[in-house]
Every structure is written in C-alpha cells, then in structure tokens.
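Have a look at the structure below before the remarks.
A short reminder: the numbers here are calculations on the coordinates, not readings from a lab. It should be emphasised that the depicted structure is a prediction, and the values quoted were computed from it without experimental measurement. Virtual Cβ from ideal backbone geometry, glycine too; neighbours counted across all protein chains shown.
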C-alpha cells in the first residue's frame with residue numbers, strides 16, 4: 001500500500017480538533033474521544049473486518065502506511081492520531097479498506113497538530129552495513145523476514161568507533177525514532193563475537209522500530225512487558241543471554 005507522506009494540503013482548515021467546539025449548523029458539540037492503542041486497533045479491526053497489527057510511531061516522514069502479511073493488516077500510524085476525532089479515524093479506516101479516497105479531516109487534523117511534527121528534517125546518516133566479520137544488511141534482511149514479515153523499514157548502520165563506547169560495552173545498539181535508524185556498536189564486529197549474538201542485538205533494535213515507544217501514564221516505557229515477551233521469541237535468546245553474561 002502506498003505510504004501517506006508528511007505533507008500539508010491546501011484545503012481550508014476546518015478548525016482545531018484539540019478542544020471541544022460548537023457546531024453552529026446543528027447546535028451540537030463535537031466531543032473529542034481519545035483512543036488507546038488497543039481501542040484504536042479494535043476499532044480498525046471492526047471497520048475492516050480483519051485482524052490488524054497496529055504500530056504507533058513518531059515517524060515524521062511516513063505518517064500512515066500499511067501492508068498485508070499472512071492475512072494480517074500491518075498498520076504504522078503516527079501516535080498523534082490517538083487524539084483524533086471519529087471523522088478522522090473513519091477516514092483512516094476507509095483509506096485502509098479502499099486504498100484510495102479523499103481525506104479532508106485527516107489532513108485538517110495533521111495541519112492543526114503540525115507542532116507535534118519536527119519542523120527540522122532529520123540529519124541524513126551515512127549507512128554502512130558491511131563489516132569485517134558481520135554483515136548488518138544480511139542479518140537485517142533475514143530477521144525482518146523471519147520475525148516481522150518484512151514490515152520494518154528502519155535503516156541500519158554500524159556506528160562510529162569510539163573509545164567511549166568500547167568502555168560502555170552494554171551500549172551495543174540503539175534505535176532513533178526521529179531518524180528511523182538503527183545503529184550497532186562496531187565493538188560487535190569482531191571474530192570473537194558469535195553471529196547469533198550480533199543477530200540478537202539487531203533483532204532487539206528492530207523490535208524497538210516495530211513497536212515504537214508506548215506511554216505508561218506520562219512516561220515512556222522503553223522496555224515494556226510486551227517488549228520483553230517478544231524479545232524472548234528470538235530463536236537464540238537464551239544462548240545470546242548466556243554469551244552476554246560470559247557463560248557461553
């Protein structure tokens with residue numbers, strides 16, 4: 001399915017959706033309804049009559065995208081739409097169902113909430129996947145297909161070599177939602193580092209890219225209970241943990 005990129009259309013603004021406003025035409029109040037991730041997923045499943053795997057992101061270049069995999073519609077949507085009203089979510093559902101159609105309320109909501117999008121584009125990051133002992137591109141493609149159905153679209157690269165990171169050995173990987181980029185610490189590109197451990201680190205960061213960063217109250221939950229559960233699905237999880245502890 002074609003992705004909806006971050007662009008602001010020239011249609012007239014219909015009014016802010018960040019508060020309750022009066023509808024002069026019918027004398028009624030339009031009330032905001034704030035979704036949770038689960039309630040929005042259930043809503044989409046009801047409208048589309050199919051299972052939906054929903055990932056909320058803060059990706060500012062791809063606001064909405066979807067693809068089918070094994071009978072499940074995998075949807076990536078910017079987190080701001082949890083606070084969209086029923087007209088916006090209805091347009092999203094219709095777009096996902098028909099893969100076409102005008103979405104005036106969607107674009108109006110995007111304009112009204114554009115402050116939630118970064119105005120400065122992310123710095124372009126040079127991508128380097130080939131290593132002396134481990135090829136990140138090869139690991140990424142294998143893991144993406146086996147565990148994510150090819151839906152993860154983050155870039156991956158070796159990070160810069162630095163003595164500071166050589167000391168902080170536990171900082172072996174990171175994922176940036178802003179640039180949608182996975183960086184792997186080059187201390188892993190050694191003959192002594194087994195391929196399954198390098199693959200586990202890549203899987204861990206791809207899991208961050210796939211799941212986003214959910215909120216627990218007002219705080220971000222980086223390693224939620226669901227994240228830890230899915231982390232354990234990695235086929236060499238126990239072996240990787242044992243090697244990390246120096247017991248392999």
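Quick look at the numbers
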| item | result |
| --- | --- |
| Simple spin-label estimate for residue 230 and residue 141 in nanometres, 7 Å along Cα-Cβ | 2.4 |
| Net lengthening on full extension, residue 211/residue 133 (0.36 nm per residue, minus Cα-Cα) | 25.2 nm |
| Burial ordering of 77, 48, fewest other beta-carbon atoms within 10 Å first | 48, 77 |
| Sorted by Cβ density within 10 Å, fewest first, the residues 100, 183 | 100, 183 |
| Globularity ratio of the stretch 56-115, using Cα Rg and 2.2 N^0.38 Å | 1.11 |
| Modelled FRET efficiency - R0 35 Å, residue 98 with residue 223, Cβ distances, 0.05 increments | 0.40 |
